[in-house]
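*Asks:* Sharing a structure here in structure tokens format.
Derivation of every value follows stated rules applied to the coordinates shown; laboratory data play no part. These numbers come from a predicted model, not from an experiment. Here Cβ is always computed from backbone atoms with ideal geometry, including for glycine, and neighbour counts include all displayed protein chains.
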Amino acid sequence: MAEGATGKRRSKDPWPPVRPGLGAWWRDHLRIARETVHFVSARLGTSLLVWLLVGIALALPAGLFLLQQNLAEMTEAWDGRPGLTAYFDLDVDPEEIDAAVASLAAKSQVEAVRVTDREAALAEFRAFTDLANALDLLDSNPLPASLKATLISDVSLEDLEALRELADGLAGVAEVVVEKTWLERISDISTVVSRLGVILGLLFGVGAILVTATSVRLAIEARLEELRVLRLIGATERQMRRPFLYFGAFYGLGGGLVAAMLISLCLVVVEAPLSNLLGSYAQELDLVGFDPIFLGSLLLLGGALGVVGAQVAASQRLKDLEIL
Amino acid sequence: MPQIEFHGVTKRFDNGQEALAEVNAEFAEGSMAFLTGHSGAGKSTFLKLLLCLDQPSRGQILVNGVNVTRMTGGRLAHYRQHLGAVFQDHHLLSHRSVYENVSLPLRISGMREKDVGRRVRAALSRVGLLEKERLFPRYLSTGEQQRVGIARAVVTRPKILLADEPTGNLDPELSRDIMKLFEQFNQVGTTVIVASHDRDLIESMGVRIIELDQGAIVRDGVDARVDPRSHESAERHQTGLPDG
Ligand SMILES: Nc1ncnc2c1ncn2[C@@H]1O[C@H](COP(=O)(O)OP(=O)(O)OP(=O)(O)O)[C@@H](O)[C@H]1O
Ligand SMILES: [Mg+2]
């Protein structure tokens, strides 16, 4: 805490710091923390408004981050097992199915082949949809038999295309669906979301800084009289800035808290439709990333942005503060 | 070595106004002096430069042998912690009690709370306001407010006490009480410099008087008697520098 005074200079210094050591530093912080709580609680309305503004500014990029995390998680899970599904003609010969399985299984890119016969397809369909009753109106099972080839994880696009052509040319195969297209779409979405997250994160981060800077600026204006007196009686710049850094941290932390609440609210609202949307692709919707570490980082980030905003406002305003 | 030395101090504002012109003065440790002169003579400017609230255009101000005019940052803050300052419009914080106002300089210096209480009560009892410590400044009379300002200035037991028109709004009776207070602080070894245009009052105190006129010292010495002739001659002789 010795501000510029080396030991040698201090011995000759006619005005050594009056403050007696580290204890004084702690007492100053404690005093300011108390005053901050007092000052903020006396202006609860304004403080809540600032919390809300900072919270919204943080919630959007943080929410996008969560979304991106989950999309990445999904594509990762699927990317490991790209697949190819071949649907057979309704009147396919069982031998043709066996031949198809054999020729695909012989390929080095194919890890496993699983056949779903017409009855199994019907059972699956009944289990997964509400339309099952409609099937009862039909005389016969309209679903074809299919085979699903699970591929090795690092299959190239060319190999995939070659496999698709091979499967397409097999006797009895009516249609071939490569799941890669879906995967590519999801991973494209994930890329878009993450880039959007970065851009919005930057923009809204600056926004959060500006909001706290403005609020701290108002707090400074409200206490100019006090700042003048403080400077007059020998408060250091750091001491004068300290209460406002506390404000900034307080506003930022509150903002982080609001952001966390907004995001969990969002999750509650979107969870049901999202799991419906993804239901057929992922066994169960298991959101990742909304954990204590994420919440802690959100609070820390909010606090840090608040402090930066306060620093900006305080150093700007205190620089041209005329005492008398 | 004098405690405070002004060496050829000139203050010219951006608009060309010269508030101090080649001022030379010395103050011994534990001495007392009044600054006087017409309105606009440069009294406040003199004290502001000493408090480093502004910088001189030319010249040096040495305090304990150190040039204070170009100090910044922590050193400047610590320097101010060792001064006490009183102003006409006392600069008390309206939303803080008398006790809190007076304790502020001690808190700034990081003093322990129980020591703070002791010091604040000592300072308040010196100015006779111990029983008002819980009140807010707006409920005090002007004279009482001024005494709170003085208590805040002396609570750190500064080596140097500066006051700018501390009796400005007060009636003669109260003014005399306030000046007596400064005299008492001087008697315990504090260097005291008080700016005042209340000539009758300060001439009656029997203390060194420095008279400024248009930024120049036209009289410097202990002179208990009012002498209109010397005053007039001083006014005609604006740039004269009588030896102190
Ligand atoms: N910031 C400033 N800019 C320009 N001129 C200034 C400034 N401050 C003071 N002055 C001028 O400097 C001169 C001296 O001012 P100062 O306040 O020192 O006088 P004073 O002796 O204290 O007067 P008073 O008895 O009225 O308080 C005045 O003419 C004033 O107008
Ligand atoms: Mg003045």
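*Asks:* Between residue A:73 and residue A:26, what's the calculated FRET efficiency when r is the beta-carbon distance and R0 is 45 Å? Round to 0.05.
*Replies:* Values: r = 45 Å, r/R0 = 0.99.
About 0.50, to the nearest 0.05.
*Asks:* Helix-derived [θ] at 222 nm for chain B: sum -39500 (n - 2.57) over DSSP H runs of at least 4, divide by residue count, nearest 500? Don't jump to the answer; show the numbers that get you there.
*Replies:* Values: 8 runs with 85 residues, N = 244.
Estimated from H runs of four or more residues: -10500 deg cm²/dmol.
*Asks:* Compute log10 of I(q)/I(0) for region B:108-196 with the Debye formula, placing one identical point scatterer on every Cα and leaving out solvent, at q = 0.20, 0.22, 0.25 Å⁻¹, to two decimals.
*Replies:* -1.00, -1.18, -1.40
*Asks:* I need the fraction of alpha carbon pairs in chain B separated by more than 26 Å, rounded to a whole percent. Each step should come with its number before you reach the end.
*Replies:* Numbers: 11502 of 29646 pairs.
Across chain B, Cα pairs with separations above 26 Å total 39 percent.
*Asks:* Sort the following peptides by mean Cβ neighbour count (other Cβ atoms within 10 Å, averaged over residues), highest first: B:72-80, B:196-204. Present the calculation step by step, with values, prior to reporting the outcome.
*Replies:* Numbers: B:72-80: 19.4, B:196-204: 17.1.
Going from most to least packed, we get B:72-80, B:196-204.
*Asks:* For A:87, A:251, which order do you get if you count the other beta carbons within 10 Å of each Cβ and list the fewest first? It would help to have the intermediate numbers written out before the result.
*Replies:* Numbers: A:87 18, A:251 31.
Ascending Cβ contact count within 10 Å gives the list A:87, A:251.
*Asks:* Give me the net charge for the shell around residue A:168: Cβ to Cβ below 12 angstrom, other residues only, Lys and Arg +1, Asp and Glu -1. Walk me through the intermediate numbers first.
*Replies:* Working: positive: A:164; negative: A:161, A:165, A:175.
Value of the local net charge: -2.
*Asks:* Which far-off residues, 5 or more places away or on another chain, put their amide H under 5 Å from the one on residue B:66, with H placed in the peptide plane?
*Replies:* Amide H neighbours of residue B:66: none.
*Asks:* Which entries of A:319/B:180; A:319/B:11; A:319/B:114; B:48/B:114 show an alpha-carbon separation above 31 angstrom in the structure shown?
*Replies:* Numbers: A:319/B:180 38 Å; A:319/B:11 22 Å; A:319/B:114 34 Å; B:48/B:114 33 Å.
Beyond 31 Å: A:319/B:180; A:319/B:114; B:48/B:114.
*Asks:* On to the next question. Compute the FRET efficiency between residue A:91 and residue A:189 as 1/(1 + (r/R0)^6), taking r as their Cβ-Cβ distance and R0 = 30 Å, and round to the nearest 0.05. Numbers along the way, then the final one.
*Replies:* On the way: r = 39 Å, r/R0 = 1.30.
So, using R0 = 30 Å, E works out to roughly 0.15.
*Asks:* So what is Rg over Rh here for the protein assembly as shown, counting just Cα atoms and using Kirkwood for Rh? Present the calculation step by step, with values, prior to reporting the outcome.
*Replies:* Details: Rg = 40.2 Å, Rh = 30.4 Å.
Result: Rg/Rh = 1.32.
*Asks:* For peptide B:68-77, compute the average count of partner chain beta-carbon atoms within 10 Å of each residue's beta-carbon. Walk me through the intermediate numbers first.
*Replies:* Values: counts 2, 0, 0, 1, 2, 5, 10, 8, 6, 14.
Mean shielding by partner chains, rounded to a whole number: 5.
*Asks:* Could you check the simple spin-label distance between residue B:176 and residue B:29, using points 7 Å along Cα→Cβ, in nm with one decimal?
*Replies:* Calculated label separation equals 3.5 nm.
*Asks:* What is the mean projected area of the alpha carbon convex hull for region B:1-141, to one decimal in square nanometres?
*Replies:* On the way: hull surface 42.6 nm².
Mean orientational projected area (region B:1-141, Cα hull): 10.6 nm².
*Asks:* Full-extension gain between residue A:199 and residue A:225, please, as 0.36 nm times their residue separation minus the C-alpha to C-alpha distance. Please report the intermediate quantities before stating the final value.
*Replies:* Details: separation 26, 0.36 × 26 = 9.36 nm, distance 4.04 nm.
Separation in residues times 0.36 nm, less the Cα-Cα distance, equals 5.3 nm.
*Asks:* Taking 2.2 N^0.38 Å as the expected size of a compact globular protein, what ratio does the Cα radius of gyration of region A:82-178 give against it, to two decimals? Mind dumping the intermediate values first?
*Replies:* Working: Rg = 14.4 Å, N = 97, 2.2 N^0.38 = 12.5 Å.
Relative to the rule-of-thumb radius for its length, region A:82-178 sits at 1.15.
*Asks:* I've got another one for you. What is the fewest-to-most order of A:15, A:25 by other Cβ atoms lying within 10 Å of their Cβ?
*Replies:* Numbers: A:15 23, A:25 13.
Going from least to most buried by this count: A:25, A:15.
*Asks:* Moving on to the next point. What is the mean number of Cβ atoms from other protein chains located within 10 Å of the Cβ atom of each residue in peptide B:108-118, rounded to a whole number?
*Replies:* On the way: counts 12, 10, 15, 6, 4, 3, 0, 1, 1, 0, 0.
The shielding value for this peptide is 5.
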